[in-house]
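Chemist: Here's a structure for you.
The values are calculated or read from the model by the stated rules, or taken from the named source; none is laboratory data. Quantities reported herein were computed from a predicted structural model and do not represent experimental measurements. So basically every Cβ, Gly included, is an ideal-geometry build from the backbone, and we count neighbours across all protein chains shown.
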């Protein structure tokens, strides 16, 4: 399996994958998909496609502030989940953060999202919990 990354080219694919993967959480919590927010973030975040043998199967998005790097999304198509692709995207995000001179990689995740266990395995610690979200971080 040949895994690689590139700057996202297909905004529609990225939006559809995020929306599909997040739909159960949004539905449960009464959150509506906001296309305007997605469009704005598309311009602000670094958007990457995760490819297997040149076929896009996932996305991840990162952003920065003056101190830290943030993982905004790690989304893998359900047919490709549990194959280590999310871990690879997180490690690549860590490399990006390190190369950009950041010491921390942070993220926010729904408390009930099974990805919490992945993030913990990848060295992230819960720094605080507010409402439905864990705020997690790790050193790069």
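Chemist: Just need a number here: residues in segment 77-127 that are over 18 Å from residue 21 (Cα atoms) and in contact with a helix residue (DSSP H, G or I) (Cβ under 7 Å, 6 or more places away or on another chain).
Modeler: 2
Chemist: Something else about it: Taking segment 30-45 as the region of interest, how many residues are part of a loop (DSSP other than H, G, I, E, B) and over 16 Å from residue 7 (Cα atoms)?
Modeler: Narrowing segment 30-45 to residues part of a loop (DSSP other than H, G, I, E, B): 30-34, 45.
Filter once more, so that each one left must be over 16 Å from residue 7 (Cα atoms): 30-34.
Looking only at that region, the number is 5.
Chemist: On to the next question. Kindly establish whether residue 71 is crowded, with 19+ Cβ neighbours inside 10 Å, more than 23 Å from residue 131 (Cα to Cα), touching a strand residue (DSSP E or B) at 6+ places or on another chain (Cβ under 7 Å) and at pLDDT 95 or above. Outline the logic, then answer.
Modeler: Working: crowded, with 19+ Cβ neighbours inside 10 Å: yes; more than 23 Å from residue 131 (Cα to Cα): no; touching a strand residue (DSSP E or B) at 6+ places or on another chain (Cβ under 7 Å): yes; at pLDDT 95 or above: yes.
Taking the combined requirement at face value, the residue does not satisfy it.
Chemist: Could you tell me how many of the residues in segment 62-101 are more than 11 Å from the chain's Cα centre (by Cα) and over 16 Å from residue 45 (Cα atoms)?
Modeler: Residues flagged as more than 11 Å from the chain's Cα centre (by Cα) and over 16 Å from residue 45 (Cα atoms) within segment 62-101 amount to 15.
Chemist: Considering only segment 50-70, I want to know if a residue exists there that is in a helix (DSSP H, G or I) and under 17 Å from residue 21 (Cα atoms).
Modeler: From segment 50-70, those in a helix (DSSP H, G or I) are none; that's our starting set.
No, every residue in segment 50-70 fails to be in a helix (DSSP H, G or I) and under 17 Å from residue 21 (Cα atoms).
Chemist: Sticking with this one: Which number in (1) in contact with a strand residue (DSSP E or B) (Cβ under 9 Å, 6 or more places away or on another chain); (2) in contact (Cβ under 8 Å) with a residue 24 or more places away in the chain; (3) not in a loop (DSSP other than H, G, I, E, B) marks the one condition that residue 87 misses?
Modeler: Condition (1) is where residue 87 drops out.
Chemist: Hey, another quick one. Check whether at least one residue in segment 6-24 is touching a strand residue (DSSP E or B) at 6+ places or on another chain (Cβ under 6 Å), in a strand (DSSP E or B), surrounded by fewer than 18 Cβ atoms within 10 Å (Cβ to Cβ) and in contact (Cβ under 8 Å) with a residue 12 or more places away in the chain, and report yes or no.
Modeler: Yes.
Chemist: For segment 95-118, indicate whether the set of residues that are outside any loop (DSSP other than H, G, I, E, B), touching a residue at least 40 places away in the same chain (Cβ under 8 Å), in contact with a strand residue (DSSP E or B) (Cβ under 7 Å, 6 or more places away or on another chain) and farther than 27 Å from residue 28 by Cα is non-empty.
Modeler: yes
Chemist: So in segment 109-134, with the set limited to residues that are within 22 Å of residue 67 (Cα to Cα) and within 13 Å of the chain's Cα centre (by Cα), which one is surrounded by the fewest Cβ atoms within 10 Å (Cβ to Cβ)?
Modeler: Going through the qualifying residues, I end up with 109.
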